[in-house]
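Q: My questions all concern the structure below.
The values are calculated or read from the model by the stated rules, or taken from the named source; none is laboratory data. Nothing here was measured: the structure is a model prediction, and the numbers come from that model. FYI the Cβ positions are ideal-geometry reconstructions off the backbone, even for glycines, and counts take in every protein chain you see. When the accessible area is computed, the model is the full protein with side chains, heavy atoms only, and any ligands, DNA or RNA have been set aside. Shrake-Rupley method; radii C 1.70, N 1.55, O 1.52, S 1.80 Å.
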Amino acid sequence: MIIHNELEHRFMRNIPEKLEPGVLYISMEYGMVSHSCACGCGEEVTTPLTPTDWHLVYDGEAVTLNPSVGNWNLACRSHYVIRRGRVIEAGPWSEEEVAAERARDRATKARYYGGADMSAEVVEAPTSAPVPAMPAQGWLGRLKRWLFG
Ligand SMILES: [Zn+2]
């Protein structure tokens, strides 16, 4: 059950120790978003902003968080989506879905962090490639060879 159907967003540098229910605390400095569980159980829900975790969309009025917030590690096991400040209840998690989500999360992180290493190699490659010949040496060289060769 969701008792907080709307979350008021608050941008701040540091997320306070005590979270007010119904408020979505956003720290851009630390890439951290926290709120008190929308079911009202009082548990703190932290959704870090990283390329492989949550993404925040702020349209100037309201905040959207992707993907959904799945509190399968809390007693309430609530699952909801935050769209433009509104809390939309999503289906409960089955054991299979939790296992699938854990596997997906591991695979995404492995791909992302593995991929980052590979792109670093690609960036380095051109510096060790031979410097291309200047065009002048081409036709000028041929002209000199034709004239004096
Ligand atoms: Zn809860």
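One line per residue, one yes/no per condition, for (1) within 16 Å of the ligand (Cβ to nearest atom); (2) farther than 24 Å from Ala107 by Cα; (3) assigned to a strand (DSSP E or B):
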{"residue": "His4", "(1), (2), (3)": "yes, yes, no"}
{"residue": "Cys41", "(1), (2), (3)": "yes, yes, no"}
{"residue": "Thr52", "(1), (2), (3)": "no, no, no"}
{"residue": "Leu56", "(1), (2), (3)": "no, no, yes"}
{"residue": "Arg77", "(1), (2), (3)": "yes, no, no"}
{"residue": "Val81", "(1), (2), (3)": "yes, no, yes"}
{"residue": "Gly91", "(1), (2), (3)": "yes, no, no"}
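Q: Still on this model: Please determine whether any residue of the stretch 41-49 is touching a Cys at 6+ places or on another chain (Cβ under 8 Å), modelled with pLDDT of 95 or more and farther than 30 Å from Tyr113 by Cα.
A: yes
Q: Hey, another quick one. Among the listed residues Gly70, Gly85, Gly31, which satisfies the condition of being in contact with an Asp or Glu (Cβ under 8 Å, 6 or more places away or on another chain) and at pLDDT 95 or above?
A: Working: Gly70 fails: at pLDDT 95 or above; Gly31 fails: in contact with an Asp or Glu (Cβ under 8 Å, 6 or more places away or on another chain).
The unique qualifying residue is Gly85.
Q: Just wondering, is there one or more residues in the stretch 104-117 that are in a helix (DSSP H, G or I), modelled with pLDDT under 85 and open to solvent by 50 Å² or more (accessible area, probe 1.4 Å)?
A: yes
Q: Assess whether Asp53 counts as being not basic (Lys, Arg) and not assigned by TED's automatic domain parsing to the domain that holds Asn5.
A: Considered against the rule, which asks whether it is not basic (Lys, Arg) and not assigned by TED's automatic domain parsing to the domain that holds Asn5, Asp53 comes out as no.
Q: Just need a number here: residues in the stretch 11-35 that are open to solvent by 30 Å² or more (accessible area, probe 1.4 Å), touching a residue at least 12 places away in the same chain (Cβ under 8 Å) and either in a loop (DSSP other than H, G, I, E, B) or not assigned by TED's automatic domain parsing to the domain that holds Ile82 (or both).
A: Looking only at that region, the number is 9.
The rows are residues; the columns are (1) in contact (Cβ under 8 Å) with a residue 24 or more places away in the chain; (2) within 15 Å of the ligand (Cβ to nearest atom); (3) surrounded by 16 or more Cβ atoms within 10 Å (Cβ to Cβ).
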residue	(1), (2), (3)
Cys37	yes, yes, yes
Pro48	no, no, no
Val63	yes, no, yes
Leu74	yes, yes, no
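Q: Asn73 - would you say it is assigned to a loop (DSSP other than H, G, I, E, B) and out of contact with any helix residue (DSSP H, G or I) (no Cβ under 7 Å at 6 or more places or on another chain)?
A: yes
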